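Asks: Below is the structure I would like to discuss, written out as structure tokens.
The values are calculated or read from the model by the stated rules, or taken from the named source; none is laboratory data. Nothing here was measured: the structure is a model prediction, and the numbers come from that model. With ideal geometry, Cβ positions are generated from the backbone for all residues, glycine too; neighbour counts draw on all protein chains shown. Heavy atoms of the whole protein, side chains included, go into the accessibility calculation; ligands, DNA and RNA do not. Shrake-Rupley method; radii C 1.70, N 1.55, O 1.52, S 1.80 Å.
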Amino acid sequence: METLSRRALNRATLERQLLLRRAKMSAFEAVEHLAGLQAQAPFPPYYALWPRLHGFRPADLASLLESRQVVRIALMRGTVHLVTAADALAWRPVVQVLYERDLKSNTQHAAPLAGLDHTEVAAAARELLARSPLSSTALGAELARRWDAPAASLTHLARGRLPLVQTPPRAIWGKAGQTTYACLEEWVGSPLSPPSPASLISRYLRAFGPASVADVQTWAGITRLGEVAASMDLRRYRDPDGRELLDLPELSVPDPDVPAPPRLLGPFDQTILSYADRTRVVSDDYRKRVITQNGLVKGTLLVGGYVRGFWEIKTAKKAAVVELTPFEKLPKRDLAALESAAGQLMSWAEPAAETQEVRVLAAA
């Protein structure tokens, strides 16, 4: 069994994640290829596509949300993702066990929901949402008319038992909107698919492989996928620590010596979050500096294929500033490339700003 070096794993990850070179594909094709995008906050998916696609414009993704070709829905790990409608229909049944477990163990909501008939409450929520999308507050208030439980807990139950999408204008670039829910099947006009864990594993490997079973389970947020993987026709490698890695048989890994250009990854980028062993892209020490204690993930500087710092956009009145904070002294050529990319990012993200500036802070 072939052993892959850490550099080989890094380059494979960057290639699958469209980070070795900008891809000439549509926003829809990219969302599908990447197995969805992290979307806890409204706009990180836009920042995720910017360094990956040639000529990406915010309207390219916004139009997909408005036409219901892609949706924002709680999926893997209990977090909101932006995925194609077809993937939402296929994947929510696979990870539903995660939401059922949460309803029984959630420290805030499990107790007030324990005495209720969850199926009955979910059916009532579906009926309400079939009439019209409702905000979290409105949905909870309507359910609280029938059940003696906190409105927020009743909304949490509906979100756990039903595949609820967050409807526009939420997450439409340049617009603001509160979280408003609709049922996935009614929103896209198709039924849920029969659960297929093997298909989920295949899609993960296409976007993130080669990877271990633990990596897949970390991304998905569910367990017992090793039993499924064992029955699949997969290529197998080992990592430098002897762990078994899985991959699709038709895929290969790039030459580990292929150059990795500097990149600005957006906040909550899935490359940072989708592995049990994240050292293929970020050291353990640096990971603690880009993921805050309350779970926020900063935009990061990728140099030589690895996280070497973070970036932030700050706006005040009609001024915009991108601050680059490296964690170590960077080669002049790479730093210049990052500064150039930061200027382009600022022009893309804040075109109305009258003044734009890139600042490089001292290595932290």
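Asks: With θ taken as phi - 60° and the coefficients 6.51, -1.76 and 1.60, list the Karplus ³J(HN,Hα) couplings across the range 147-155 in order, rounded to whole Hz; mark glycine and proline as x.
Replies: My calculation for the range 147-155 gives 10, 7, 7, x, 4, 5, 5, 5, 5 Hz in order.
Asks: Give, in whole angstrom and from largest to smallest, the semi-axes √(5λ) of the equivalent ellipsoid of the range 183-301, with λ running over the eigenvalues of the Cα gyration tensor.
Replies: 26, 22, 15
Asks: First check a/c for the range 29-157, with a ≥ b ≥ c the square roots of the eigenvalues of its C-alpha gyration tensor; if it is under 1.5, answer rounded, and if not, answer prolate when a/b is larger than b/c or oblate otherwise.
Replies: Judged from the Cα gyration tensor, the range 29-157 comes out prolate (a/c at least 1.5, a/b above b/c).
Asks: Oh, and also: To the nearest 20 Debye, how big is the dipole of the range 1-145 about its Cα centre, given +1 on the beta carbon of each Lys and Arg and -1 on that of each Asp and Glu?
Replies: 660 debye
Asks: Between the range 221-267 and the range 93-144, what is the separation of their alpha carbon centroids in Å?
Replies: Using only Cα atoms, the two centres lie 36 Å from each other.
Asks: Comparing 36, 78, 209, which has the greatest mean-square fluctuation in the GNM of the chain with Cα pairs linked when under 10 Å apart?
Replies: Largest GNM mean-square fluctuation: 78.
Asks: Okay, moving on. Label residue 315 and residue 285 with points 7 Å out from Cα along Cα→Cβ: what is the distance between them in nm?
Replies: 3.6 nm
Asks: Apply the Karplus curve 6.51 cos²θ - 1.76 cosθ + 1.60, θ = phi - 60°, to the phi angles in the range 24-36 and return the couplings in whole Hz, x for Gly and Pro.
Replies: Coupling constants for the range 24-36: 9, 9, 6, 4, 4, 4, 5, 4, 5, 4, 7, 6, x Hz.
Asks: Skipping prolines and chain starts, which residues have an amide H placed within reach, meaning under 5 Å, of the one on residue 177, given they are 5 or more residues away or on another chain?
Replies: Amide H neighbours of residue 177: 171.
Asks: Here's another thing I want to ask about it. Which far-off residues, 5 or more places away or on another chain, put their amide H under 5 Å from the one on residue 283, with H placed in the peptide plane?
Replies: 307
Asks: Classify the range 129-244: rounded, prolate or oblate, from the alpha-carbon gyration tensor (a ≥ b ≥ c, eigenvalue square roots; a/c under 1.5 rounded; otherwise prolate if a/b is larger than b/c)?
Replies: Because a/c hits 1.5 or more and a/b exceeds b/c, the range 129-244 counts as prolate.
Asks: Kirkwood hydrodynamic radius, the chain, all distinct C-alpha pairs: what's the number in Å?
Replies: Evaluated over the chain, this radius sits at 21.7 Å.
Asks: With θ set to phi - 60°, apply the Karplus curve 6.51 cos²θ - 1.76 cosθ + 1.60 along the range 128-145 and write out the HN-Hα couplings as whole Hz, x wherever there is a Gly or Pro.
Replies: Once rounded to whole Hz, the list reads 5, 6, 5, 6, 5, x, 10, 5, 4, 5, 5, 4, x, 5, 5, 5, 5, 5.
Asks: Specify the residue with the greatest mean-square fluctuation among 187, 147, 311, computed from a Gaussian network of the chain linking alpha-carbon atoms under 10 Å apart.
Replies: 147
Asks: Write out the trypsin sites (Lys or Arg not before Pro) in the range 133-210 meeting two conditions: DSSP loop, and at most 10 other Cβ atoms within 10 Å of their Cβ.
Replies: 145
Asks: Something else: Per-residue ellipticity at 222 nm for the chain, helices alone: DSSP H runs ≥ 4 residues times -39500 (n - 2.57), over residue total, nearest 500 deg cm²/dmol?
Replies: -12000 deg cm²/dmol
Asks: A follow-up question, please. Stretched out fully, how many nm does the piece from residue 198 to residue 41 gain, at 0.36 nm a residue minus the Cα gap?
Replies: Values: separation 157, 0.36 × 157 = 56.52 nm, distance 2.89 nm.
Here the answer is 53.6 nm.
Asks: Sort 346, 25, 1, 232 by heavy-atom solvent-accessible area, probe 1.4 angstrom, most to least.
Replies: Details: 346 5, 25 60, 1 125, 232 30 Å².
Greatest to least solvent exposure: 1, 25, 232, 346.
Asks: Of all the accessible heavy-atom surface of the chain, with the other protein chains kept in place and a 1.4 Å probe, what percent is carbon and sulfur?
Replies: The computed percentage sits at 51.
Asks: While we're on this one: Taking 0.36 nm per intervening residue step and subtracting the Cα-Cα distance, what contour gain separates residue 145 from residue 230 on full extension? Please report the intermediate quantities before stating the final value.
Replies: Working: separation 85, 0.36 × 85 = 30.60 nm, distance 4.89 nm.
Working it through step by step, the gained length comes to 25.7 nm.
Asks: Computed FRET efficiency, Cβ-Cβ of residue 100 and residue 357, R0 41 Å: what is it to the nearest 0.05?
Replies: Result of the calculation: an efficiency of 0.25.
Asks: Between 302, 128, 154, which gets the highest mean-square fluctuation from a Gaussian network model of the chain, Cα cutoff 10 Å?
Replies: 128
Asks: Report the relative contact order of the chain, percent, no decimals, based on alpha-carbon pairs under 8 angstrom and at least 6 residues apart.
Replies: Averaging sequence separation for qualifying contacts and normalising by length gives 18 percent for the chain.
Asks: Want the number for residue 332 to residue 296: 0.36 nm per residue separation, take away the alpha-carbon distance, what's left?
Replies: Value of the extension gain: 10.0 nm.
Asks: Leaving out ligands and nucleic acids, and using a 1.4 Å probe, what accessible area per residue does the range 290-364 come to in Å²?
Replies: Numbers: 4030 Å² over 75 residues.
So the range 290-364 comes to 54 Å² accessible per residue, rounded to a whole number.
Asks: Based on Cβ point charges of +1 for Lys and Arg and -1 for Asp and Glu, what charge dipole magnitude is obtained for the chain about its Cα centre, in debye rounded to the nearest 20?
Replies: Charge dipole, the chain, about its Cα centre: 640 debye, nearest 20.
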